[in-house]
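Asker: The structure that follows is given in the form of structure tokens.
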Amino acid sequence: MGRYSFRSRPDATTAPELPTIATWIRLALGAMFGVSLGLRNDTRGLIGAMYGLNLIAFMPMFWFNTYLDAKVDTYKSLNFVGVPNAFALMLLIWIAIFTLRHEEAEALLAKIISDASTDADAGVTEPIVEATPGGVESEF
């Protein structure tokens with residue numbers, strides 16, 4: 001029977017590397033969920049981020065508490081170790097894939113920013129309507 005088998009009840013003395021394992025599990029979950037969000041073209045922002053944060057934070061806790069029956073209180077910070085890093089990795093991957101899949105929107109945004117910068121340098125104060133899709137003025 002191994003240290004991480006069902007109901008093995010690890011603690012800080014029998015399994016001191018469990019926080020490191022939890023961090024790597026969270027990083028893997030964050031990376032996989034970031035790829036999933038990017039490939040699904042998920043644009044609901046806050047909802048996707050909250051689902052990802054819940055997955056990253058609570059799935060490993062479920063593994064500690066139900067499968068391993070770990071003595072979590074013997075560790076300094078086992079419950080949330082690696083959560084910010086995994087969340088940042090998830091967001092980075094999501095944004096990178098989403099941006100790569102929407103090159104035309106990125107090019108349009110770059111053109112709008114460039115035109116606005118050029119117009120600001122020239123002192124023009126009119127809104128840039130012709131650069132937006134369909135000639136419709138954006139609410140932003």
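Asker: Taking segment 1-20 as the region of interest, how many residues are open to solvent by less than 50 Å² (accessible area, probe 1.4 Å), within 30 Å of the chain's Cα centre (by Cα) and either under 21 Å from Ile93 (Cβ atoms) or at pLDDT below 90 (or both)?
Answerer: Of the residues in that region, 5 qualify.
Asker: I've got another one for you. Cβ-Cβ distance below 8 Å, separation of 6 or more or different chains: which pairs start in segment 75-102 with a residue that is among the polar types (S, T, N, Q) and end on one that is loosely packed, with under 14 Cβ neighbours inside 10 Å?
Answerer: Going by the 8 Å Cβ cut-off, the qualifying pairs are Thr99/Glu106.
Asker: Still on this model: What residue, of Phe58, Phe87, Phe80, is within 15 Å of the chain's Cα centre (by Cα), surrounded by fewer than 16 Cβ atoms within 10 Å (Cβ to Cβ) and within 29 Å of Asp11 (Cβ to Cβ)?
Answerer: Selected residue: Phe58, the only one of Phe58, Phe87, Phe80 that is within 15 Å of the chain's Cα centre (by Cα), surrounded by fewer than 16 Cβ atoms within 10 Å (Cβ to Cβ) and within 29 Å of Asp11 (Cβ to Cβ).
Asker: Output the residues belonging to segment 29-59 that are without any contact (Cβ under 8 Å) to a residue 24 or more places away in the chain and in a helix (DSSP H, G or I).
Answerer: Met32, Ser36, Leu46, Ile47, Met50, Tyr51, Asn54, Phe58
Asker: Something else now. Only one of these is of a type in the set (A, V, I, L, M, F, W, C), assigned to a helix (DSSP H, G or I) and open to solvent by 80 Å² or more (accessible area, probe 1.4 Å): Trp24, Trp63. Name it.
Answerer: Trp24
The values are calculated or read from the model by the stated rules, or taken from the named source; none is laboratory data. Computed from a predicted model, the values in this text were never measured in an experiment. Heads up, the Cβs are rebuilt from the backbone with ideal geometry, glycines too, and the neighbour counts pull from every protein chain shown. When the accessible area is computed, the model is the full protein with side chains, heavy atoms only, and any ligands, DNA or RNA have been set aside. Shrake-Rupley method; radii C 1.70, N 1.55, O 1.52, S 1.80 Å.
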